[in-house]
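Step one of this worksheet: look at the structure below.
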Amino acid sequence: MSIRLYNTLTRRKEEFEPREPGKVAMYVCGPTVYNHIHIGNGRTFLTFDVIRRYLTWRGLEVRFIQNITDVDDKIINRANEEGLSAAQVAETYTAAFRKAMEDFGIQRPTVQPMATQMISPMIGMVERLIGNGHAYVVEGDVYFSVRSFPDYGKLSGHDIDDLLSGARVDIDERKRDPLDFALWKAAKPGEPHWSSPWGEGRPGWHLECSVMAEVELGVPFDIHGGGSDLIFPHHENEIAQSEAATGKPFAHYWLHGGMLQINAEKMSKSLGNFMLLRDVLAEYPASVVRLLMLQTHYRSPLDFSSDRLDEAVTAYERVLNLVRNMRWARTAEVGGDGASDVDRAALASALKEVRAKFVNEMDDDFNTAGAIGAVFELGRAGNAFVAENQSVLAAPDRELLLNAESLVTELLAVLGIDTVEAGRETSDLSPDVVELARQLAGYEGDDPAAAIHALTAARSVARAEKNWAAADAVRDGLALIGITVEDTPQGPRVNYRARG
Ligand code: AMP
Ligand code: ZN
């Protein structure tokens with residue numbers, strides 16, 4: 001089996017062949033740090049976090065580079081508005097970005113270069129481009145000559161002549177062609193600046209990524225990622241600069257994430273229809289937001305709404321309950337002697353099938369929605385197994401449940417969705433459960449699972465003796481601390497209350 005991914009450059013799914021067997025060199029455009037990031041940005045960063053996690057889980061060694069654009073018009077404007085220096089603005093929002101990524105469970109890049117720390121190789125690339133006729137200097141600015149690069153448009157599918165005829169009218173007379181873009185910008189008074197052969201100035205945005213990728217990964221590298229709004233002009237320009245400078249291909253596979261939208265409109269700072277990632281994460285666990293986003297394929301648009309967030313809360317609770325129930329069943333001291341009437345085959349085969357299905361889905365251009373479906377299937381099989389056999393579970397069944405629970409946890413971790421919460425919640429309940437078992441069931445230990453078992457056993461005895469008051473006392477006591485007992489033909493079944 002091989003991994004297939006959709007390459008924007010060739011417009012088809014291709015088999016992934018890294019330049020060096022077993023290793024992946026990957027670059028993803030990072031944020032411009034002039035504000036807090038919104039959940040649209042968060043979606044794109046999540047997409048590439050999951051791709052990286054998956055490739056790593058598949059045994060590949062991933063070198064993951066993501067830049068921080070810490071010098072840019074937007075940062076300078078923001079600094080002027082707030083009476084701060086551009087560096088102060090960049091520093092504030094770099095820290096905020098890192099915190100939001102950590103809270104969202106995004107793994108840190110292998111290297112996270114800042115644009116301002118790479119000025120000298122950037123000047124080097126501009127010099128190469130002037131030297132080989134792909135760039136020209138005008139009064140301290142340096143422009144890339146789009147006409148000099150015949151492949152211009154190959155990523156976005158744009159034709160240079162169409163682009164030219166559609167170019168906006170506010171044409172800068174100093175450029176040879178309206179499509180030419182700045183590699184280096186002369187500094188205006190009060191702007192951050194660095195010395196260069198063309199005077200004091202600063203790098204253009206497109207240049208940063210070309211240089212940081214080349215310095216950190218070498219060219220050509222394997223995967224270049226970003227949101228689909230970056231295909232043109234940003235990524236087209238990255239390709240033009242890099243390939244014109246080096247004479248080599250820049251990146252083999254171009255992956256682009258679909259836009260997160262609100263009411264069918266792209267979420268963006270300029271439209272003002274954004275929700276900040278940190279605000280959403282203040283209210284919802286990262287795993288809930290990840291689950292919501294990953295239920296849509298990364299290349300499709302994703303409509304975000306509070307209804308969908310609430311649905312994701314419920315879906316996540318279902319995941320946690322599946323895990324809790326399996327955990328409870330395998331740790332509770334329910335009777336059982338390995339009786340032969342336990343049907344283990346269905347769960348055993350679900351275990352095998354689900355792992356294969358998860359890999360199949362993810363190998364197919366990272367179909368996280370299908371992968372999540374597979375995990376749910378396993379959870380359901382585990383739960384059905386518990387429901388049918390809980391009064392007769394014995395050692396081999398517990399082992400099977402342990403394997404099922406571990407697999408659910410392992411696969412969800414590839415998506416960065418954690419099931420630790422399931423354990424945390426049970427352990428939050430522990431003192432209460434143990435205390436209740438002391439009062440109502442004469443329990444003397446301090447193991448919450450055994451305490452729950454003692455309580456359900458005491459309730460069964462009370463029911464058998466038609467002592468309804470005692471039976472109800474157990475049920476009500478458990479309900480108060482968030483545990484419900486359901487009577488099934490196979491005996492009492494315990495559920496942990498969903499948290500809203
Ligand atoms: P920016 O700081 O604007 O360059 O954006 C950082 C990343 O977020 C880029 O990869 C963008 O493509 C991506 N992005 C911006 N808006 C959205 C959106 N509404 N949905 C998904 N990704 C987005
Ligand atoms: Zn970039």
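Some notes on this structure:
- Boolean, residue 432 is at pLDDT below 90 and assigned to a helix (DSSP H, G or I): yes
- Considering only residues in segment 400-419 that are among the polar types (S, T, N, Q) and assigned to a helix (DSSP H, G or I), the one that is most open to solvent (accessible area, probe 1.4 Å) turns out to be 403.
- Among the residues of segment 257-284, just one is under 22 Å from residue 74 (Cβ atoms) and either touching a Ser or Thr at 6+ places or on another chain (Cβ under 6 Å) or within 16 Å of ligand 2 (Cβ to nearest atom) (or both), namely 257.
- Filter result for residue 72 (in contact with a strand residue (DSSP E or B) (Cβ under 7 Å, 6 or more places away or on another chain), crowded, with 16+ Cβ neighbours inside 10 Å and not β-branched (Val, Ile, Thr)): yes
- Looking only at residues of segment 181-211 that are among the aromatic types (Phe, Trp, Tyr) and within 29 Å of residue 268 (Cβ to Cβ), we find that the one that is farthest from ligand 1 (Cβ to nearest atom) is 184.
- Test: residue in segment 182-199 that is within 16 Å of ligand 2 (Cβ to nearest atom) and under 21 Å from residue 29 (Cα atoms): yes
- Some residue of segment 248-255 being within 12 Å of ligand 1 (Cβ to nearest atom) and under 28 Å from residue 7 (Cα atoms): yes
- Of the candidates 388, 405, 399, the single residue that is over 24 Å from residue 483 (Cβ atoms) and at pLDDT below 95 is 399.
- Annotation: residue 42 fulfils all but one of (1) touching an Asp or Glu at 6+ places or on another chain (Cβ under 6 Å); (2) under 26 Å from residue 300 (Cα atoms); the unmet one is (1).
- Residue within segment 341-359 that is under 29 Å from residue 44 (Cα atoms) and either β-branched (Val, Ile, Thr) or part of a strand (DSSP E or B) (or both) present: yes
- Scan segment 476-487 for residues that are surrounded by 19 or more Cβ atoms within 10 Å (Cβ to Cβ) and modelled with pLDDT of 85 or more and the total you get is 2.
- Within segment 217-229, restricting attention to residues that are surrounded by fewer than 21 Cβ atoms within 10 Å (Cβ to Cβ) and in a helix (DSSP H, G or I), the residue that is nearest to ligand 1 (Cβ to nearest atom) is 229.
- The set of residues from segment 178-211 being open to solvent by less than 30 Å² (accessible area, probe 1.4 Å) and acidic (Asp, Glu) comprises 180, 191, 208.
- Top-ranked residue in segment 247-273 [being of a type in the set (Ser, Thr, Tyr) and under 22 Å from the mean Cα position of the chain (by Cα); ranked as nearest to residue 149 (Cα to Cα)]: 253
- Criterion violated by residue 228 - all others in (1) closer than 15 Å to residue 41 by Cα; (2) among the polar types (S, T, N, Q); (3) free of Cβ contacts under 8 Å to residues at least 24 places away in the same chain satisfied: (3)
- Residue in segment 136-151 that is aliphatic (A, V, I, L, M), closer than 30 Å to residue 79 by Cβ, more than 36 Å from the chain's Cα centre (by Cα) and surrounded by fewer than 23 Cβ atoms within 10 Å (Cβ to Cβ) present: yes
- Selection from segment 58-81 of residues that are more than 22 Å from residue 122 (Cβ to Cβ) and touching a Leu at 6+ places or on another chain (Cβ under 7 Å): 62
- Residues located in segment 249-296, provided they are open to solvent by less than 30 Å² (accessible area, probe 1.4 Å) and assigned to a loop (DSSP other than H, G, I, E, B): 250, 258, 267, 268, 296
- The residues listed here are 310, 279; of these, the one that is farther than 19 Å from residue 366 by Cβ, of a type in the set (D, E, K, R) and not assigned by TED's automatic domain parsing to the domain that holds residue 74 is 310.
- Among (1) in contact (Cβ under 8 Å) with a residue 60 or more places away in the chain; (2) away from ligand 1 (no atom under 14 Å from the Cβ); (3) buried (at least 24 other Cβ atoms within 10 Å of the Cβ) - the single one residue 214 does not satisfy: (3)
- Residue check for residue 58: away from ligand 2 (no atom under 16 Å from the Cβ), at pLDDT 95 or above and touching a helix residue (DSSP H, G or I) at 6+ places or on another chain (Cβ under 7 Å): no
- Strands (runs of 3 or more DSSP E) fully within segment 1-105 counting 3 or more residues that are of a type outside the set (D, E, K, R): 4-7, 23-28, 61-66
- Unmet criterion (only one of (1) more than 30 Å from residue 47 (Cβ to Cβ); (2) hydroxyl-bearing (Ser, Thr, Tyr); (3) in contact with a helix residue (DSSP H, G or I) (Cβ under 6 Å, 6 or more places away or on another chain)) for residue 419: (1)
The values are calculated or read from the model by the stated rules, or taken from the named source; none is laboratory data. Everything quoted here is computed from the prediction, not taken from an experiment. Note: ideal-geometry Cβ built from the backbone for every residue, glycine included; neighbour counts use all protein chains shown. SASA here: full protein model, heavy atoms, side chains in, ligands and nucleic acids out. Shrake-Rupley method; radii C 1.70, N 1.55, O 1.52, S 1.80 Å.
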